[in-house]
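The values are calculated or read from the model by the stated rules, or taken from the named source; none is laboratory data. As the structure is a prediction and not an experimental result, all values here were calculated from the model. In this analysis, Cβ positions are derived from the backbone assuming ideal geometry, glycine residues included, and neighbour counts consider all displayed protein chains.
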Amino acid sequence: MPITDDFAAVAGPYVATAICVYILLSLYPGETKRNGLPPGPKGVPFLGNIHQLPQIDQHITFTDWARQYGDIVYAEFFSKPTIILSSAKAAVDLMEKRGAKYSDRPPLFYFRELVGWTGNVGFAPYDDRWRRLRKWFQRGFIARSALDSYHPIQYREVRRLLRDLPQNTDNIVLELKRYTAAIMLEIGYGHTVTSLDDEYIKMIENGVRKCLSGSGAGSALVDFFPILKYVPAWIPGMGFKYSAAIARKAIEDMEDIPYNAVNNVATGDAKPSFTTRMIEDCSRDGRLTANDERDVRGAAGTLYAGKILSSLTSMLVFILVMVQHPEIFNKVQEEMTRVVGEARLPNFEDRVLLPYLECVIREVYRWCPSLPTSVPRQAMEDDVYRGYYIPKGSLVMANIWAMFRDPDVYPEPDVFKPERFLNVDGDADFDHKDPKKIIFGFGRRICPGRYFADDMIWLAAASIVATMDIRKVRNERGEEITPMPKSISGVVMRPEPFVCDIRLRSEKSLQLILDSSTNI
């Protein structure tokens, strides 16, 4: 029966009272062991430290806490104990060396239960199902033979990028997104993208956008107070549940429609793909169980959603810093000309011969990480580290931003400076400060597609450097416009829109792109 305003007015106070009782009980669970906790900001009753945390740029607050209290900080968000790790050493010691204790995820009620994104391997709890999904990703994206098999697709799509980018400099984000999406969809589903209006791109983008746009302050409360799962959406403050219902449908479409298209032809002429290999791996007499289908759908959907946003950030940051620092762009372009020449496009075999470009890519990762803080993990048992007590059930987060802004590791951390990775002989020397050992995560939860994503980012950057000139736009008075390094905060961070002038380097570049694109 429909909910009337009168009914809502009568029921509302009772529901609110029930919620308050639950919250008060959850805040005082009994006597807990609090001695020896890591240092951290002083909290207040009921809220803990949640009132000190801004809705955006939380990594900045975490970094301020690290400067005040050290690289291991204890905070409480409502009644939830939270450990924030702001050094690579602490993150490696706990998340990698003690991975058996720190590889689980918190329940993530909004994403897993309300939205229903249970197939996302990044959100999955540390159990046998997660191990199965992880095994598929390792097989498809860790083995060198698998990575090499993707090179033809990557070469084809980067040529399309070079062909289209100079004609669409007002839509750099769209062109880079098409490049990334086309590679991911071909590898994931065997689907070839031919335009920016591709139906699969729109559908998956819609799923990710709907899911992330609803994950605001209201939805976060569900993770701290699970009873809110059962509170009707019409109760004031519960409007995020309407957003969750919309996101659930979008996620179902994102996972089901491309999967069904592949599965319908899996016994016929389907192109080999990540999805067909998973279907073959778990099919029994040509049939899949309901759990098999759920896992394959989820893994394939994660492949796209997990890579496109972070890879897009790194490619946009690369172009941004090349605009900001023409002296760096000139230096990396001179290296490219010296090693590759102008008669061909760069390939992956050239990578070891281009140390300065390698340093630029590593500095891109460091200077603006796509995920400034890691997805929270959950301590699976009580632990002691450096004499500090870490309670079972604590949220544990790696503050990537603080690690990359540590002046003891990276002097002048706010300055984009690729030379920090060069030794006295001019060779790349990453030693113990390699951003690639941090940006992709730690331990058993490290990104399984890290080598693939790194290849994709490097190829785009190298190909643009080889064939394009990147310059500052001039205003009506002829003055150069230098874009500011501002970022859009959210689950994934990326630069704010900026203007730049990208044009073909020469007529030779144009002909090279046209010749290499004849088979596209």
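Of note:
- Of the strands (runs of 3 or more DSSP E) lying entirely inside region 344-456, those containing at least 1 residues that are hydroxyl-bearing (Ser, Thr, Tyr) span 383-385, 388-390.
- Against the numbered list (1) modelled with pLDDT under 95; (2) farther than 19 Å from residue 379 by Cβ; (3) assigned to a helix (DSSP H, G or I), residue 26 comes up short only at (2).
- If you go through region 217-233 and keep only what is surrounded by fewer than 16 Cβ atoms within 10 Å (Cβ to Cβ), of a type outside the set (Gly, Ala, Ser) and either touching a helix residue (DSSP H, G or I) at 6+ places or on another chain (Cβ under 8 Å) or under 18 Å from residue 82 (Cβ atoms) (or both), you end up with 226, 227, 229, 232.
- Among (1) modelled with pLDDT under 90; (2) surrounded by 12 or more Cβ atoms within 10 Å (Cβ to Cβ) - the single one residue 425 does not satisfy: (2)
- Any hit, region 406-427, residues being among the hydroxyl-bearing types (Ser, Thr, Tyr) and farther than 25 Å from residue 50 by Cβ: yes
- Residue within region 302-315 that is among the hydrophobic types (A, V, I, L, M, F, W, C) and within 20 Å of residue 482 (Cα to Cα) present: yes
- Every condition in (1) farther than 25 Å from residue 494 by Cα; (2) at pLDDT below 95; (3) buried (at least 22 other Cβ atoms within 10 Å of the Cβ) is met by residue 342 except one, and the failing one is (3).
- Looking at 279, 308, just one residue is closer than 18 Å to residue 120 by Cα and modelled with pLDDT under 85, and that residue is 308.
- Taking the criterion of being among the polar types (S, T, N, Q) and at pLDDT below 90, the residues of region 131-178 that qualify are 167, 168, 169, 171.
- Verdict on residue 248 being surrounded by fewer than 15 Cβ atoms within 10 Å (Cβ to Cβ) and either of a type outside the set (Asp, Glu) or modelled with pLDDT under 80 (or both): no
- Options 408, 414; residue that is more than 18 Å from residue 313 (Cα to Cα), of a type in the set (Asp, Glu), free of Cβ contacts under 8 Å to residues at least 24 places away in the same chain and surrounded by fewer than 18 Cβ atoms within 10 Å (Cβ to Cβ): 408
- Among (1) surrounded by fewer than 23 Cβ atoms within 10 Å (Cβ to Cβ); (2) touching a helix residue (DSSP H, G or I) at 6+ places or on another chain (Cβ under 7 Å) - the single one residue 207 does not satisfy: (1)
- For region 449-467, the criterion of being touching a strand residue (DSSP E or B) at 6+ places or on another chain (Cβ under 6 Å), among the aliphatic types (A, V, I, L, M) and either modelled with pLDDT of 85 or more or buried (at least 17 other Cβ atoms within 10 Å of the Cβ) (or both) is met by no residue.
- Hey, residue 465 in contact with a helix residue (DSSP H, G or I) (Cβ under 8 Å, 6 or more places away or on another chain) and either part of a strand (DSSP E or B) or aliphatic (A, V, I, L, M) (or both) or not: yes
- Some residue of region 494-504 being within 30 Å of residue 91 (Cβ to Cβ) and either assigned to a strand (DSSP E or B) or in contact with a helix residue (DSSP H, G or I) (Cβ under 8 Å, 6 or more places away or on another chain) (or both): yes
- Checked against (1) over 18 Å from the mean Cα position of the chain (by Cα); (2) buried (at least 20 other Cβ atoms within 10 Å of the Cβ), residue 92 passes all but a single condition, namely (2).
- Residue check for residue 364: touching a residue at least 40 places away in the same chain (Cβ under 8 Å), under 27 Å from residue 144 (Cα atoms) and crowded, with 23+ Cβ neighbours inside 10 Å: yes
- Among residues of region 468-492 being assigned to a loop (DSSP other than H, G, I, E, B) and of a type in the set (D, E, K, R), the one that is modelled with the highest pLDDT is 472.
- Residue under evaluation residue 195, criteria (1) at pLDDT below 85; (2) more than 17 Å from residue 517 (Cα to Cα); (3) not aromatic (Phe, Trp, Tyr), criterion not met: (2)
- The number of residues in region 106-152 being in contact with a Ser or Thr (Cβ under 9 Å, 6 or more places away or on another chain) and β-branched (Val, Ile, Thr) comes to 2.
- Residues satisfying the stated conditions in region 75-93, i.e. of a type outside the set (A, V, I, L, M), farther than 12 Å from residue 377 by Cβ and in contact (Cβ under 8 Å) with a residue 40 or more places away in the chain: 77, 78, 79, 80, 81, 86, 87, 93
- Of the candidates 271, 241, the single residue that is in a loop (DSSP other than H, G, I, E, B) and at pLDDT 80 or above is 271.
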